[in-house]
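Below is one structure, written out as structure tokens; the observations come after it.
Each reported figure results from applying straightforward, stated rules to the coordinates on display, with no laboratory input. Everything quoted here is computed from the prediction, not taken from an experiment. When we count neighbours, we look across all protein chains shown, and the Cβ atoms used for this are built from the backbone with ideal geometry, even at glycine.
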Amino acid sequence: MADLHCSIGGVESPNPFWLASAPPTDKYINVKRAFDAGWGGAVWKTLGIDPPVVNATSRYGVHRDMARGIVGINNIELISDRPLEQNLREIEKLRKEYPGRVIIGSLMAPIDERAWKELAAKILNAGVQGLELNHGCPHGMCERGMGSAVGQVPEMVEQTVRWVKEVAGKIPVFAKLTPNITDIVVPAEAALKGGADGVALINTVNSIVSVNLEAMSPTPMVDGKGTHGGYCGTAVKPIALNMVSAIARDPETSALAISAIGGITTWRDAAEFIALGAQGVQVCTAAMLYGFRIVDDMIDGLSRFMEEHQYRHIGDFRGKALRNTVDWNALNLNFDLKAHIHQDKCIECGRCHIACEDAAHQAIRVGAGANGHRTFTVINDECVGCNLCLHVCPVENCIEMKAVPNGLPPLTWPDHPLNPLRKAG
Ligand SMILES: Cc1cc2nc3c(=O)[nH]c(=O)nc-3n(C[C@H](O)[C@H](O)[C@H](O)COP(=O)(O)O)c2cc1C
Ligand code: SF4
Ligand code: SF4
């Protein structure tokens, strides 16, 4: 049996699955249910200084695919709207009842040394195993100079981390980063300079999820008006994967532990983030949509994957995909792929042909088969191996991309004869 126990930025956890700071972690009963379901840890809903914030109603909008599946949630919720003391007592109680599970305190305060330090000290007194600084909330709180308003200014990230680290001492401190920035490595570097043990990313992406065309207002609507919110769920996973890999690949920030967040719904999502350098993962939207018991499948799936590959510990495959994550300039331009259609699997829908005709290279020929059937075959000389047909084909494994050996040695752009900046020799 694979050992899922791991250390995330110095926080020992029975498994890499934590709930992210959000409604699933905003009170005792939720977190208790989560621990009973098997989650290794929970990052408590972000705490601020009293008086608590006031939330608007409604709070969530969704982005759906054409089959009505939810690909992303947009929320305009603020931080915890319950009194600080009440939250702290509940954390204390859970820490006693579940000593083997992790509770991380998430916090946010105005740019004021005393405010950050006092808040951090109170949360630490409740017995949390780590602190996470919410530098990411992109709506409401940023209008008050907090959340992403801090996360977008590296000096403020560094400063707030330093203040909190002075109070936290050996207790690990994570900076939770906003994706609403050009280069994620910059705030990660700032967090490292401030003394952070790790970073957590991503928080939500700035977004308007839809417009109600009758009310002529963005959704979710609050008494006929809408505002931009924070987008999350499976739709943001690719953004998060890229940002996690950028921090893990950078020689300076690779020293930071990464608690990865963004669209994680299955064990496979989690494994992908770990393969790109994360020490653990956090989940919000999937728990909101499917409930806490999804962690069962996550634990089971990850264990099986590790057993199959003979990974005994998470560390055995952590970061293993980084060596193959390179800049475009390092790609082999002599590598050649062609699409191949398995005729026995083809249902003759024609989607590959349409896609290739209209948006690729007119490389799929439609022919007449026996008994009125149509045949779809690839014209090798025209196919550039772009993958479009493979992606639009509704039948799994019907189109296969096959490498075509051409006998040419690997050739990258810096050495390519057509590169005007190529160095001679
Ligand atoms: C309704 C809602 C409330 C959230 N509140 C917080 C919060 O208080 N503090 C915080 O750091 N992140 C908050 N988040 C962001 C999540 O912790 C997480 O970073 C984000 O949703 C991406 O993960 P996901 O794709 O698994 O949802 C919230 C997200 C949602 C949907
Ligand atoms: S890989 Fe691209 S170019 Fe080749 S057949 Fe498919 S869609 Fe056309
Ligand atoms: S998309 Fe797939 S199933 Fe449809 S015609 Fe092309 S190969 Fe056949």
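For the residues 119, 177, 388, a GNM of the chain with alpha-carbon springs under 10 Å puts the largest fluctuation on 388. Largest mean-square fluctuation among 183, 65, 250, in a Gaussian network model of the chain whose springs join Cα atoms under 10 Å apart, belongs to 65. The value of relative contact order for segment 331-388, using C-alpha pairs under 8 Å at least six residues apart, is 39 percent.
Take every DSSP beta bridge with both residues inside the chain and express the antiparallel ones as a percent of the total, to the nearest 5. Restricted to the chain, the bridges split so that about 50 percent are antiparallel. Spin-label model, residue 396 to residue 334: label points 7 Å out along the Cα-to-beta-carbon direction sit 3.7 nm apart. Span-like helix check, the chain: qualifying full DSSP H segments, with Cα axial length of 15 Å or more and mean Kyte-Doolittle of 0.5 or more, are 237-249. Summarised in one figure, the compactness ratio Rg/Rh of the chain, Cα atoms and Kirkwood Rh, is 1.03.
With 22 Å as the limit, the listed pairs 27/165; 45/176; 45/320; 27/193 have 27/165; 45/320; 27/193 beyond it between alpha carbons. Out of segment 47-87, which trypsin sites (Lys or Arg not before Pro) are coil in DSSP terms and have no more than 15 other C-beta atoms within 10 Å? The qualifying sites are 68. Taken about its Cα centre, segment 6-324 carries a charge dipole of roughly 400 debye when the Cβ of each Lys and Arg holds +1 and the Cβ of each Asp and Glu holds -1.
Only Cα pairs under 8 Å and 6+ residues apart enter the sum, and on that basis the relative contact order of segment 119-211 stands at 32 percent.
GNM remark for the chain: springs join alpha carbons under 10 Å apart, and the peak mean-square fluctuation among 204, 46, 182 falls on 182.
Relative to one another, the C-alpha centroids of segment 358-425 and segment 213-244 are positioned 36 Å apart.
When you filter the GluC sites (Glu not before Pro) in segment 357-425 for DSSP loop state and at most 15 other Cβ atoms inside 10 Å of their Cβ, you are left with 382, 396.
Based on Cα contacts under 8 Å between residues 6+ apart, the chain shows a relative contact order of 14 percent.
Tell me the Kirkwood radius of segment 331-415: reciprocal of the mean inverse pair distance over distinct alpha-carbon atoms, in Å.
13.8 Å
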